[in-house]
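The values are calculated or read from the model by the stated rules, or taken from the named source; none is laboratory data. Here the structure is a predicted model, which means the values were calculated and not measured. Here the Cβ is made from the backbone with ideal geometry for all residues, glycine too, and neighbour counts use every protein chain on show.
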Amino acid sequence: MIGHHSGSASAANGVREESFFMTLRLLQHRAPSGVRSVIAARGDAAHIVPGYASIRALALDAIARNISLSAAVEAAGAGDAIDIAAAFAAGELLAPIDHDDDAHIQLTGTGLTHLGSAEGRDKMHREAAAAEQQTDSMRMFLEGLEGGKPAPGAVGQQPEWFYKGDGSQLVGPGEPLTMPAFAKDGGEEPELAGIYIIGDDGQPYRLGLALANEFSDHVTERHNYLWLAHSKLRQAALGPELLVGTPPAHIEGASRILRDGVPIWEKPFLSGEGNMSHSFANLEHHHFKYDLFRRPGDVHVHFFGTATLSFSDGIATQEGDMFEIAAAPFTLPVRNALQRARPVEVVVQAL
């Protein structure tokens, strides 16, 4: 497992770091008996939140009562203590959001949102344009750099946007990431994902952030950037923890790939608004401005982008490779093995 964030900060940062690591994290647990529950964790301490079988139910209750998720957790009291590391190792933790009907979960994302993220994309597209010609990717990145963080209340530059699928494409902790039989590549994308639910009033509510592997087909995208939409119709994995509250301005982690248990690639990655060309508020505005994304009861998982890809470093993944992504203040990694689906024959019949 990738090591946790070290305690090397200066004494002046001690209070800030203590608060950072004590931020509320919510998890979903399924016991061997099948009984589900919600876990609240702060630092190394964690306990069951009585009265709730899902984070979605907790969120809907908080909206109905006009209180925050943290207040709803406090009001519920503390149930039995639980060791989340042991539960993770036992395979008892679920993705931190789900829905009884997968069709009511939307997986979407934005790219070219991080400082430096244009470099990797531009390397993929460079051969398609003359050396002196600025690529569409670079133009979009620069526009975001200039207008992606508008003043409060103002509307900024709209980002690149893509659709990944519905809840059937969401992979939980420890489950394999499966690329289609026809895929040219299955590559990791370490990033943050915003988790949202639409209230009965049609307004979106951010529940928190999850650590994620957005997972894409970079070979397909490199062939022609107009195939980006095809390359993104893939599964995606979430870590088990939902980070509640104000999003951190700086998150630093590491992404690596293991083959037969041996690391073949590892690289740090940065996220949070301090490392982005767009603000969260701007990305959220340009997603939820569409009426169809404000349907009461729906859940949205929105991936905020990355600047770190093994593909950009010439890594070609293989079946059986293990992706592992870790970043504080999340204490558990996103860890998923790569596999390829069997071919499926599709025959369209006229009726």
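Of note, H230 does not satisfy the criterion of being at pLDDT below 95 and surrounded by fewer than 19 Cβ atoms within 10 Å (Cβ to Cβ). Screening H302, H286, H278 for residues that are buried (at least 22 other Cβ atoms within 10 Å of the Cβ) and within 24 Å of H99 (Cβ to Cβ) leaves exactly one candidate, H302.
Surrounded by 17 or more Cβ atoms within 10 Å (Cβ to Cβ), of a type in the set (G, A, S) and at pLDDT 90 or above: is that true of G202 in this structure? Judged against the criteria, G202 is not a match. Taking the range 42-66 as the range and being more than 14 Å from I197 (Cβ to Cβ), surrounded by 14 or more Cβ atoms within 10 Å (Cβ to Cβ) and among the hydrophobic types (A, V, I, L, M, F, W, C) as the test, the residues that pass are A46, I48, V49, A53. Of the listed requirements (1) part of a strand (DSSP E or B); (2) farther than 28 Å from K149 by Cα, P173 misses just one: (1).
Among the candidates P263, P268, the residue that is surrounded by fewer than 17 Cβ atoms within 10 Å (Cβ to Cβ), free of Cβ contacts under 8 Å to residues at least 24 places away in the same chain and either on the phi < 0 side of the Ramachandran plot or in contact with a strand residue (DSSP E or B) (Cβ under 9 Å, 6 or more places away or on another chain) (or both) is uniquely P263.
Can you confirm whether G165 is under 20 Å from the mean Cα position of the chain (by Cα), buried (at least 23 other Cβ atoms within 10 Å of the Cβ) and in a strand (DSSP E or B)? Criteria not met by G165. Cβ separations smaller than 8 Å between residues 6+ apart or across chains give the following pairs from the range 60-81 residues that are in contact (Cβ under 8 Å) with a residue 24 or more places away in the chain and under 20 Å from T246 (Cα atoms) to residues that are surrounded by 15 or more Cβ atoms within 10 Å (Cβ to Cβ) and among the β-branched types (V, I, T): L60/I197; I63/I197; L69/V244; S70/V244; V73/V49. The set of residues in the range 273-295 being touching a Gly at 6+ places or on another chain (Cβ under 6 Å) and among the polar types (S, T, N, Q) consists of S277, N282. Of the residues in the range 2-19, at least one is among the aliphatic types (A, V, I, L, M), at pLDDT below 95 and under 19 Å from the mean Cα position of the chain (by Cα).
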